[in-house]
Amino acid sequence: MCGIIGISSNKSVSASIINSLKKLEYRGYDSAGLATLSNGVINEIKSEGRVDSLEQNFDLKNLRGNIGIGHVRWATHGVPNSINAHPHSSHNVSVVHNGIIENSTILKKFLITKGHNFKSQTDTEVIVHLITENLKTLELEEAITKTLKQLHGSFALGIVFKDIPDLIVGARRGSPLAVGYGPNENYLGSDSYALKSMTNKVTYLDDGEFCIVKKDQVLFFNEDGKKINKKY
Ligand code: GLU
């Protein structure tokens, strides 16, 4: 079990992400981390242990960005340390993950033949590089649809993109994922409790669905990448 959070806003998100991560700590406390997007850069910080040690190790007030994702980890693949802490990032994609990718070994071998370099021991990092690979030839929605079909196992995901700086993608199969609606901002979270201080307008992704979360809009898609309607 791990906890994930994502916020797309018109203001800085790092303080709210940290608040939500504290509410999610019951889901995992091996490590904590977050990534925000600002001025075309993915700012990734992570630390072994609890959210408190993340706060102690970094100056979070200076972590800018109106879009961000966060994670508390309960390790399944790879020891609990700061390298295996989420988010995991390539040069243009950053991912937080709750779940287990059962075909990560074979996907990793394939991605290494395509020139991808891996830094961690986690199953999660294959998701990052698979999306990066699929984005070489496909538009966002097609790349996400293809990636999710290639993954075996369970996941709730929050994904940000350096080159698409106004949105977060959320996706789920097996693991829970809530979508929340706030004033000039919208959210993803492993549970509604993580979003409670920000909103009580919440819906849940159903298995196989993914969504695009912008500060003023949320779009939902089925597993074939077709837009669907969903209300809270
Ligand atoms: N499998 C991932 C990891 O080990 C996520 C863990 C989880 O959701 O429990 O980092």
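Things worth noting here:
- Relative contact order of the chain, taken over Cα pairs closer than 8 Å and 6 or more residues apart, is 21 percent.
- Radius of gyration over Kirkwood radius for segment 25-170, both on Cα atoms: the Rg/Rh ratio is 0.95.
- Carbon plus sulfur fraction of accessible area for the chain, probe 1.4 Å, in percent: 48 percent
- Local electrostatic count at D191 - Lys and Arg +1, Asp and Glu -1, tallied over other residues with Cβ under 11 Å: +3
- Computed over neighbours whose Cβ is under 13 Å from that of S12, the net charge equals +3, Lys and Arg +1, Asp and Glu -1.
- If you plug the beta carbon distance of N229 and N117 into 1/(1 + (r/R0)^6) with R0 = 45 Å, you get a FRET efficiency near 0.65.
- Averaging the Cα positions of each part gives two centres, and for segment 37-72 and segment 217-232 these lie 29 Å apart.
- For K149, a cut-off of 17 angstrom between C-alpha atoms picks up these aspartates and glutamates, skipping any fewer than 8 places away in its own chain: E102, D123, E125, E133, E139, E141, D206, D207, E209, E223, D224.
- Straight-line cross-link reach from K146 at under 28 Å between alpha-carbon atoms covers these lysines, not counting any fewer than eight positions away in the same chain: K108, K109, K114, K119, K136, K162, K214, K215, K226, K227, K230, K231.
- Across segment 28-69, the relative contact order, built from alpha-carbon pairs under 8 Å that are at least six residues apart, equals 45 percent.
- Cα gyration tensor shape for segment 150-228, rounded if a/c is under 1.5, else prolate or oblate: oblate
The values are calculated or read from the model by the stated rules, or taken from the named source; none is laboratory data. Keep in mind that this is a model prediction, so the values were computed, not measured. FYI the Cβ positions are ideal-geometry reconstructions off the backbone, even for glycines, and counts take in every protein chain you see. Note: areas computed on protein heavy atoms with side chains; ligands, DNA, RNA excluded. Shrake-Rupley method; radii C 1.70, N 1.55, O 1.52, S 1.80 Å.
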